[in-house]
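Scroll down for the structure; my scribbles are underneath it.
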Amino acid sequence: MKQPNPDMPQPFSDAVRPVIMAASAHRLTDIFHTVSPEFADRARIEVVDKGYDDAVSAISRGAQDGPCDVVVAAGAHGAYLRRHLSQPVALVKVGGFDLMAALSKARSISDRIAVVMHLRISPELTRFAGLFDLPLVLRSYETADDARLCLAELTRLGIKAVVGPGLIVNLAYAAGLEGVLVYSPDSVRAAFDDAIALASAKVAERSRRARLDSVLQHLTDGVVAVDMAGRILTVNPAVGKLTGARVSGTQGQPVHSVLPELKLGQVLTRGTSDIGSVEDMAGRSLVVDRVPLFDEGVQTGAIFTLHGSSTLERAASKLRAHSHRKSRAARYRLDDVVAESPAMRDVVKQCAVFAAHSDAAVLISGESGTGKELLAQGIHNASRRRHHPFIAMNCGAFSESLLESELFGYEEGAFTGASRHGKIGLFEAANQGTLFLDEIGEMPLALQTRLLRALQEKEITRVGGVDAVAVDVRIVAATHRDLIAMVANESFREDLFYRLNILHVAVPPLRERPADIHALGTRLIANALGRADRPDLAKDVLRLALPAMKTYPWPGNVRELENVAERLAMACLSADRAPTRGEIKAMLAGMGQMTGVRLPPGQTLPDARRTRDSGMAQAMLRACAGNHEEAARRLGISRTTLWRKLRSS
């Protein structure tokens, strides 16, 4: 007995084994009965001892175990069943070994042998007979009548043994000749394997269609699929809801008779897609998509998708809101910060410690363009709040009243022009996350008082509201201004300063970290040239630009360096080459003139910056009652740097 192939897929459980009907009115049924038990774990096989029309009737009525999935048959009988049944038919095929075994058996009976096959004699058999000088008579037949005439001729020729399918063997015995069946158990096993593979494909297709139908049934959009003649292949219930038409049971009907207002356009005549056309159907405005349907590169129909306008409007509103939230997400991590210089490495390390071990407010100070928001995002993404919102707000970009409503929200009717549903503020939007207040030094004094209360009480009250709303928000603030000096001249609340300055990060300007100028310049110039489609010039541009960039004081810091990188890329495009060293120096000199910075080699900080740094150091020292160590800690600098700033006054 043939053992099942362990490498063959076993797609069916006991509950869904395919039903196979093996049909033959001749001697092949004996082999069917012998072999079928071997496949009991893979299929339910029923042998039908009938032929032609009787077999068609029996199979059409269904097997005892349920509807037939695949039919197995042979020869002319199999060809007939293929023409008259809707089920696929797997044919029992004759292999070379089968034929040799049958010829060997026939030769033991007589040397007057004929081989009679359905439709044709294979060229291989003809060559085989000639090669071994076998005295074979070779014939073929198409119908049962052809087979009878063939046997009559063979009898006249004195043939004693006939090799062929079951019909030929029966006719041979009826004519007084010996018949040898050409089929073997192995050829039947191969046919059963083919039948199971066909059944597996049918089950997969049924499952795919069932899943597709289930999806279509639950869609709120209407879907209509038609063939090339415009007849409905499938239609989902949503079409009826959107158009008011009766769509159940309309498969096979012309689409124009079911949905007369649906315009077919050119999707069937030219295979042209039409997306997003707005049409009136049943008194409603619908958005209709028309898409051609292809099968192996050949258009077989089209799909029409009907969208309700109100659904699209709601989706568009939600998409805008989602995009707004995404635009405020923290995209950067501390690993994204270029920190080749020791000073910047210390800053990144300090931010990582603050993020991992504390939830307290952080004040980031530094000149404009040094990357304070990037560090704020990095702190958020390294903290326990990283899975919650990161909301950024520039305190210098709004008027006092608008800034207040943005931060704290407002109730319905709080002021003229307010949304009738009210609006949540950024404190509520950032709940459990991080609120980044950029340019905190620009916040008006009156609003500073309200911000201080929110930080102390951990709750806010909307503009025009009376109920307090609890909020859990970490504050990261940033400024390029001297907050200590502002405290001294009473333009910034001292108590708010200390509430924000619990943890302090001082970002050094770019001119004080030449190693970062080199690393940032290399990255930004290469990226800019890549965007300009001239990455081939990067090596030459960097060779010429980096030395000049290290001597430039960068008053605009990293933001200015980004601008220079873009200008260099545009210069390369304009001249179709890398700029010369002189052109690069002229470009930097021009930028220095625009910002009021003098650019001789060895340029130091302007006096105004030295005076500002010294004033900040002195004010902090006074606030700390002359304690240099405490003043340096609060400023986020070393005692040596503090002494340097004090001596520069």
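DSSP finds beta bridges in the chain, and of those with both partners inside it, around 40 percent are antiparallel. On the basis of the beta-carbon distance and an R0 of 56 Å, S368 and D467 show a calculated FRET efficiency of 0.90. Sequence-ordered 3J(HN,Hα) estimates for the stretch 140-149 from the Karplus curve with 6.51, -1.76 and 1.60 and θ = phi - 60° stand at 9, 9, 10, 10, 4, 5, 4, 5, 5, 4 Hz, glycine and proline given as x.
Residues whose amide H comes within less than 5 Å of that of A330, counting only those at least five positions distant or on another chain, are F390 (H built at 1.01 Å from N in the peptide plane).
Subtracting the Cα-Cα distance of T272 and D295 from their residue separation scaled by 0.36 nm leaves 6.7 nm.
Straight Cα distances below 19 angstrom link K160 to the aspartates and glutamates D111, D133, E178, with same-chain residues fewer than 8 positions distant left out. Of Y552, Y80, Y173, Y52, the residue with the largest accessible area leads and the full order is Y173, Y52, Y80, Y552 (1.4 Å probe).
Scalar couplings 3J(HN,Hα) for the stretch 345-361, obtained by applying the Karplus form with A = 6.51, B = -1.76, C = 1.60 to θ = phi - 60°, are 5, 5, 4, 5, 4, 4, 5, 5, 5, 4, 5, 7, 10, 8, 10, 6, 5 Hz; x denotes Gly and Pro. Modelled label positions at A575 and R148, each set 7 Å beyond Cα in the direction of Cβ, lie 10.0 nm from each other. Around the amide H of V72, modelled in the peptide plane, lie the amide H atoms of M21, A22, A23, A90, all under 5 Å away and 5 or more residues distant in sequence or on another chain. Per-residue packing, averaged as other Cβ atoms within 10 Å, sorts the ranges 384-394, 471-481 into the order 471-481, 384-394, beginning with the highest. Compute the FRET efficiency between A79 and S285 as 1/(1 + (r/R0)^6), taking r as their Cβ-Cβ distance and R0 = 51 Å, and round to the nearest 0.05. Efficiency, rounded to the nearest 0.05: 0.35. Rounded to the nearest Hz, the phi-derived 3J(HN,Hα) couplings of the stretch 453-465 under the Karplus curve 6.51 cos²θ - 1.76 cosθ + 1.60 (θ = phi - 60°) are 5, 4, 6, 6, 8, 6, 7, 10, 10, 5, 4, x, x, where x marks glycine and proline. Projected onto its three principal axes, the C-alpha set of the stretch 205-254 covers 29, 26, 16 Å, listed from the longest axis down. Charge dipole of the stretch 128-257 (Cα centre as origin; +1 on each Lys and Arg Cβ, -1 on each Asp and Glu Cβ, all else neutral): 640 debye, rounded to the nearest 20.
If you take the alpha carbon atoms of the chain and fit the smallest convex hull around them, that volume is 307 Å³ per residue. Annotation: lysines with alpha-carbon distance below 30 angstrom to K550 (same-chain offsets under eight excluded): K349, K372, K539, K585, K645. Here the spin labels are modelled as points 7 Å beyond Cα on the Cα-Cβ line, and at K241 and D53 they lie 5.2 nm apart. Our estimate of slack between R156 and D359, defined as 0.36 nm per intervening residue step minus the Cα-Cα distance, is 62.4 nm. Per-peptide packing, taken as the mean over residues of other Cβ atoms within 10 Å, places 348-359, 235-246, 278-289 in the sequence 235-246, 348-359, 278-289 from highest down.
Subtracting the Cα-Cα distance of E205 and D227 from their residue separation scaled by 0.36 nm leaves 6.0 nm. For K50, which aspartates and glutamates qualify as cross-link partners when the Cα separation must be under 16 Å and same-chain residues fewer than eight apart are set aside? Straight-line reach from K50, under 16 Å: D30. Paramagnetic label reach from E583 (point 7 Å along Cα→Cβ; backbone nitrogen cut-off under 14 Å): within the stretch 554-577, residues 567-577. With R₀ fixed at 56 Å, the C-beta to C-beta distance from S401 to E630 puts the FRET efficiency at about 0.90. Close amide H partners of G433, meaning residues 5 or more places away or on another chain with modelled amide H under 5 Å apart, are R474.
The values are calculated or read from the model by the stated rules, or taken from the named source; none is laboratory data. All values reported here derive from a predicted model rather than from experimental measurement. Every residue, glycine as well, gets a Cβ built from its backbone with ideal geometry; the counts of neighbours run over all protein chains shown. Each accessible area value is taken on the protein alone, full model and side chains, heavy atoms only, with ligands, DNA and RNA left out. Shrake-Rupley method; radii C 1.70, N 1.55, O 1.52, S 1.80 Å.
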